[in-house]
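One structure is given here, and the rest of the page talks about it.
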Amino acid sequence: MTTVGIIGAGHIGSTLARGLVDRGYDVVIANSRGPATLADLVGELGGTARAATAVEAAEAADWAIVTVPLKALPDIPAEPLAGKIVLDTCNYYWERDGHIAALDDKQTTTSQLVQDHLAGAKVVKAFNQIGSGQILTDGSPAGTSNRRALPTASDHDDAAALVMALYEDLGYDAVNLGPLSESWRIERDQPAYVVRQNADELRANAARAVR
């Protein structure tokens, strides 16, 4: 059984935990306030989910999801995630995270910051530009007309392939934008950010992004 470690139990983390449990994954989930505060969520998820510390979730994971405010990135344990695929859902909101000069000056992307911090991991952008309430509701069978598409980007082909397969399992077409250096195209305030779009529209919106 594949175990997914989820670090961050907010709207996206808890929604993905539900979707993964429903699809037969074991889930180990952590937040910043301690495992005891996740008792209700874990009780809802059932016996294939448990609460843990961030370190424990990272250690238990076959692959992991990091879904925290960007300002909390330094608190993510790097060593136990080395060699593992890590899905990064993070977005930069300077109003919440404080100003990050490298992002303000367009010198890097949010996912490249995550990859820099998790230097031994295989970071892949995922689920950053869909509302949490839509993740488990907007999917549709393959071949559906105007099927919604979701983007990914990674410097590692196997990481991108995992996310694309997960998108398909959840009912979405997948669009691979290439390396993490291109992930700015789906960040906040870009045309592809948090809008419903099919694969052709997503590619077009990504192409017309302006940095």
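One table, with the values for the structure above:
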item	result
DSSP-assigned coil residues among chymotrypsin sites (Phe, Trp or Tyr not before Pro) in the range 80-149, each with at most 12 further Cβ atoms within 10 Å	Tyr93
Relative contact order [Cα under 8 Å, 6+ residues apart], the range 1-120, whole percent	25 percent
Spin-label model distance (nm) - Tyr93 vs Thr137, 7 Å beyond Cα toward Cβ	1.9 nm
Other-chain or far-sequence residues with amide H under 5 Å of Trp63's (modelled H)	Thr3, Gly5
Amide H contacts of Tyr92 (H built 1.01 Å from N, under 5 Å, at least 5 apart or other chain)	Arg188
Extension gain from Val55 to Ser32, taking 0.36 nm per residue of separation minus the Cα-Cα distance	7.2 nm
Centroid-to-centroid separation of the range 43-60 and the range 183-211 [C-alpha atoms, Å]	33 Å
Dipole-positive endmost among Val195, Val175, Leu87 within the chain (Cβ charges, Cα centre)	Val195
Given (i) 44, 42, 26; (ii) 45, 42, 30; (iii) 49, 44, 30, the label whose value is Cα extents along the principal axes in Å derived from this model	(ii)
Cα→Cβ-extended label distance, 7 Å offset, between Asp105 and Lys71, nm	2.2 nm
Zone residues, the range 37-60, relative to Asp22, backbone N less than 14 Å from point 7 Å out along Cα-to-Cβ	45-46
Helical contribution to [θ] at 222 nm, DSSP H n ≥ 4, -39,500 (n - 2.57), averaged over the chain, rounded to 500	-8500 deg cm²/dmol
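None of the figures in this text is laboratory data; all of them are computed from the coordinates on show. Quantities reported herein were computed from a predicted structural model and do not represent experimental measurements. Every residue, glycine among them, receives a Cβ derived from its backbone with ideal geometry; neighbour counts consider all protein chains shown.
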